[in-house]
Amino acid sequence: MTKRNSRLRYVALFLLFSAPLFTVVSSSSFASEAFPRPPALEPAIRFWTRVYTEIDTNSGFLHDAEDLSVIYRRVDYKRDEVENYRRRIQEDLKVLATGKRDNLTLTQQEVLDAWGPNVTNARLTQAANNVRFQLGQSDRFVAGLIRSGAYREHIESVARERGLPIELAALPHVESSFHPGAFSHAAAAGMWQFMRTTGQRFMRIDNIIDERMDPYAATYAAMSLLEYNYNLLGTWPLAVTAYNQGAGGIARAVRDVGSNDIADVITKYRGGQFGFAGRNFYPQLLAVLDVERQAQALFGVLHLDPAPEYDEVELEAYVEADVLARTLGVTIDQLRFDNPALRPIVWEGGKRIPRGYRLKIQKHSINGSLASLVRSIPGAQLYAYQTPDVNYTIQRGDSLSTIARRFNTTVPQLMQLNQITDAHRIRAGQVLLLPHDTNMITQTLVAATEPPPVQAGGSYTVRPGDTLSAIARRYRVDESDIRRLNGITDPRRLRAGQELRLPADGDARLIASAFTDAVEVPPVAELEAPVAPAADEVVELAIADAVATEEVAVENVAESNQRATLDLGADPSDYSVASDSTVEIQVSETLGHFAEWAGVKIDDVRSLNNMRANQSLIVGQRIKVPLSKVTRDEFELRRRQFHLAQQENFFRQYRIANVNRHQLAANETIDKLARQRYSVPLWLLRQYNPDLDLARVRVGQTIVVPVIARVDGA
């Protein structure tokens, strides 16, 4: 017995008597109608099966990055040793590529044997640039398999509830080894490894709550994203690959290859973002399903973590974390462990646990029901409002270090509070949350002064602790509408006792600002401080007059474009410029936008396309853009940033809660369906129906409509 097998079997025996057993479904290779197994993918599936079963994280394979049947050797994971072997293999490949086949050294013969006798010199030349190292995963797979016991039943129940393939429940093996606190170098987070921009479509992600870190909440979001991918792309192999690469990227791959066969996409598509990870994501899932079905034979009897039993309650008021912990008779650490979606600022006392948050605690941790214990919290410790945010808008010349010094904080604290992964990647106009002294803020208690209900079109009296954004969230209206209706130019200058008129249906667009064709982002106050207790006093934080000497980091355009493409991963729209300098017109775009992004006049765009002065743009058609003033990358970056800002603005307020399939009735237009029937922006409706011709719809046509829900106020 090898040391590896000995160690794994020791783990299995140690855990044998403490939890349910992992049972084997089948020892055969996995394949199904939903998850086909094309012969072209078999080498990759076998490769990943070996990675998950033969080698642990102390070693790995040096192999060819294109043909995964070619494994040169297994090496210990020591950087110098890996690089030495890699260089030696590359040198041997170059020698063999000259045609030499006689009087070979031992290592040259080993390299040739890995390819077989019929390999061509051209292939060996190419292979010299494709020698890759893959770290082993067997110990991580076993650890993930054990962890999966806590979540697998929940994941499978959500899949069944949605009518989705049960095999999707194995995907966290590939993403995070079922680790709920996982983070990637690309800033993906949680067991399901959501990027922030994609995750915000389906769950709450802000400075107070990040549901990516809650494996139960994130499971619903993951299944929603996979279902969305499947509805767009039509097959589960493509939908699974899009989970890693984004629906837009895979939609482009299908268009470029001219096939929706997963084997064709993997072997033929060579898009800039479609690298080794993208090509191998689906084969990895098939390998995982194979290994799971042979787990007992491979690893012995494993004892999986039990699923915790939670008591849950929805909070009806804002409450401090330490108050809640004392009331429940648990430690802050226990409360934090059971509620991983709450961000550090809550546990540090800078924010309260929000009203409407669904609190969880393991039943064995408390005496009595969670609901009754929460009801026992004294009214004086229950709050009507969240501790307000204090914001700062980054100016040209700012850096995180100068901002930190100005506001008496630290760069790490600013980075943690704002989920910044690179201190050098900030931009002018970006809004930062600042730490604040909660003692300076006086707020009204729920028991004493719950704000009275206000009818649409009525007025509201500003109270101590109010901010304009908090009032807008409380009454579910847009802050920009309140400002326009009351002639407010500086939202910082509210005062207690001030009367504010709230929008009625006829007064303002209400949520329509999120649906306008041209995105409109209300200006953000440099600092929004809460109204102080004194009736005529405004609390403002002093800003130092010192001029920052460090410049905001200037980003490489190509890198920024790639990052914007990743951030728009769930958007299937094509924002690229074709080789003939044409682009596909998307919802919300105007001639003015194209001119602005190209750095020219509108008439220049019209002239280039022989357009009349009053001629309208038609979504889905192509238009030529002038690229004399900007590069293709610069144009695409500006275009993507526009759409990204539009989508981020929307998903700060709304999330996708469900999907309906609507059959168009007589006299029903797409615009009326989106705006009046479902209150969704037209650009989002088209994302769910990318092949929909907005100008040509017919009675009885089925339209997939996302159902949105407003994100609860912070």
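We did not get these values from a lab; they are worked out from the coordinates using the rules stated. None of the values given here were measured: they were computed from a predicted structure. So basically every Cβ, Gly included, is an ideal-geometry build from the backbone, and we count neighbours across all protein chains shown.
The trypsin sites (Lys or Arg not before Pro) of segment 151-207 include none that meets both criteria, a DSSP state outside H, G, I, E and B (loop) and at most 11 other C-beta atoms within 10 angstrom of the site's C-beta. Dividing the convex hull volume of the alpha-carbon atoms in segment 310-381 by its residue count gives 76 Å³ per residue. Each residue of segment 586-598 is assigned a 3J(HN,Hα), and the resulting list reads 10, 4, 5, 8, 10, 4, x, 5, 4, 5, 4, 5, 8 Hz, derived from the Karplus form 6.51 cos²θ - 1.76 cosθ + 1.60 (θ = phi - 60°), x at Gly and Pro. Straight-distance candidates among the lysines for linking to K94, with alpha-carbon spacing under 26 Å and chain neighbours fewer than 8 residues away dropped: K78, K268.
How large is the convex hull of the C-alpha atoms of segment 103-190 per residue, in Å³? Each step should come with its number before you reach the end.
Details: hull volume 16.0 nm³, N = 88.
Taking only Cα atoms, segment 103-190 has a hull volume of 182 Å³ per residue.
Using Cβ contacts closer than 10 Å as the measure, can you line up Y72, Y383 from fewest to most? Could the numbers behind the result be given before it?
Details: Y72 25, Y383 19.
In increasing order of surrounding Cβ atoms, one gets Y383, Y72.
Note that segment 33-49 has calculated 3J(HN,Hα) couplings of 5, 6, 10, x, 10, x, x, 5, 9, 4, x, 5, 5, 5, 4, 5, 4 Hz, one per residue in order, obtained from phi through the Karplus relation 6.51 cos²θ - 1.76 cosθ + 1.60 (θ = phi - 60°); glycine and proline are x. Computed over Cα pairs, the Kirkwood radius of segment 653-710 leads via Stokes-Einstein (1.306 mPa s, 10 °C) to a diffusion coefficient of 138 µm² per second. Among the GluC sites (Glu not before Pro) in segment 286-388, those located in a DSSP loop and surrounded by at most 12 other Cβ atoms within 10 Å of their own Cβ are E309, E316. What does the net charge come to around I89 if you take all other residues with beta carbon closer than 13 Å to its beta carbon, with K and R at +1 and D and E at -1? Net local charge, I89 excluded: 0. Among 80-87, 386-393, the peptide with the highest mean count of other Cβ atoms within 10 Å heads the list, and the full ranking is 386-393, 80-87.
If you take all other residues with their beta carbon under 12 Å from the beta carbon of D338, and give Lys and Arg +1 and Asp and Glu -1, the sum is -1. Along the axis of the charge dipole computed for segment 580-682 (Cβ charges of +1 for Lys and Arg, -1 for Asp and Glu, origin at the Cα centre), the listed residues A595, I656, V630 are led at the positive end by I656.
Under a Cβ-Cβ cut-off of 11 Å, what is the net charge of the residues other than H179 that fall near it, where Lys and Arg count +1 and Asp and Glu count -1? Please list the in-between numbers first.
On the way: positive: R140, R147; negative: E175.
That sum, taken over residues with Cβ under 11 Å, equals +1.
Protection proxy ranking for 327-333, 247-253, 89-95, using the average of other Cβ atoms within 10 Å per residue and placing the highest first: 247-253, 89-95, 327-333.
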